[in-house]
Amino acid sequence: MKAIFLGSIGSIVETSELQLKAFNEAFKVCGLDWVWELVDYKKMLLKAGGAKRIKGFASANQDALSNDQIAEIHKKKTDLFERYLLDQKLEPREGVVDLLARCQDKDIRLAWVTTTPRQNIDSIKAALAPQIDFTIFSFTTSLEDVEVSKPSGEIYHFALRKMAVPASEVLVIEDSESGLNAALEADLNCIAFPGLLKLDQDYSGATECLTSLGDLALD
């Protein structure tokens, strides 16, 4: 194994409930009477992409929203999420810091392969700066690097070209079914590391399913 790709925000830190809080506050600020409940949001997490969730919910509820309105709501959500992140004391998920240290010791290259907006990535990096030195990553991708977000495998094909390693020498770690499917589409082996609100998703295609990255063997 020459490289590990950590996919999605949730492979590093748990933020799903903060994101739900940001969505609901954005709806309120934008004059919508929508309230997403936790049980419904868990189902929405089967598909990646906040703007897609807003569009799908609007369509299901017959609320006519233009693409510009959807973009405005999603931008407000992203701004609120950034504020919440910086107001909270976040901790990396179980075993993440240990895994990163072991990768450095073994000269295994690292990349953070996500299709979240760059603003979210910068916020996560700032919030976790005391615990994680993100300069150890060869690169970090974002939504701006692809035409189609996960579960499309486009971002992983992009990452493989950028890292210049064959798929057979890369291991992916993903926290969701959509992320797993993106990795599989790119013919990558993937470890499932399910997020708190994603425990009930289908990880049958994963090489292994872990509750702590400290349990991941690198030999």
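Readers should treat all values here as calculations from the given coordinates under stated rules, not as data from a laboratory. On a predicted model such as this, the values are computed, not experimentally measured, just so you know. No Cβ is skipped: glycine too gets one built from the backbone with ideal geometry, and neighbour counts run over all protein chains shown.
Some points to look at:
- Three-way shape call for the stretch 107-219 based on the alpha-carbon gyration tensor, with the a/c threshold at 1.5: rounded
- Under 16 Å from the Cα of LYS43 - aspartates and glutamates, other chains or at least 8 residues apart: GLU17, ASP175, GLU177, ASP200, ASP202
- With the simple model of a label 7 Å out from the Cα in the direction of the Cβ, GLU37 to GLN62 spans 2.1 nm.
- Under 17 Å from the Cα of LYS75 - aspartates and glutamates, other chains or at least 8 residues apart: GLU25, ASP122, GLU144
- For a modelled paramagnetic label at LEU86, 7 Å from Cα along Cα-to-Cβ, the residues of the stretch 96-131 in reach, with backbone nitrogen under 14 Å, are 119-129.
- Pairwise Cα distances in the stretch 1-86 exceed 16 Å for 55 percent of all pairs.
- Helical mean residue ellipticity (222 nm; -39500 (n - 2.57) per DSSP H run of 4+; nearest 500) of the chain: -13000 deg cm²/dmol
- Computed from the C-beta positions of ASP219 and LYS21 and an R0 of 25 Å, the FRET efficiency is 0.05 to the nearest 0.05.
- GNM top mover of SER66, SER11, SER138 - the chain, alpha-carbon springs below 10 Å: SER66
- Global form of the stretch 71-170, assessed from the alpha-carbon gyration tensor, a/c cut-off 1.5: oblate
- Label of the coordinate-derived value, semi-axes √(5λ) of the Cα gyration tensor in Å, listed as [x] 27, 22, 17; [y] 26, 18, 16; [z] 29, 18, 16: [z]
- Distance between the C-alpha centres of the stretch 1-34 and the stretch 102-158: 15 Å, rounded to the whole angstrom.
- Backbone N within the stretch 1-44 under 19 Å of label point (7 Å from ALA164 Cα along the Cβ vector): 1-5
- Over 19 Å apart at the Cα level, from the set LYS47/LYS125; LYS21/LYS42; LYS2/LYS162; LYS28/LYS89; LYS42/LYS150, are LYS47/LYS125; LYS28/LYS89.
- For the chain, built as a Gaussian network whose Cα springs stay under 10 Å, the top-fluctuating residue of ALA60, ALA127, ALA51: ALA60
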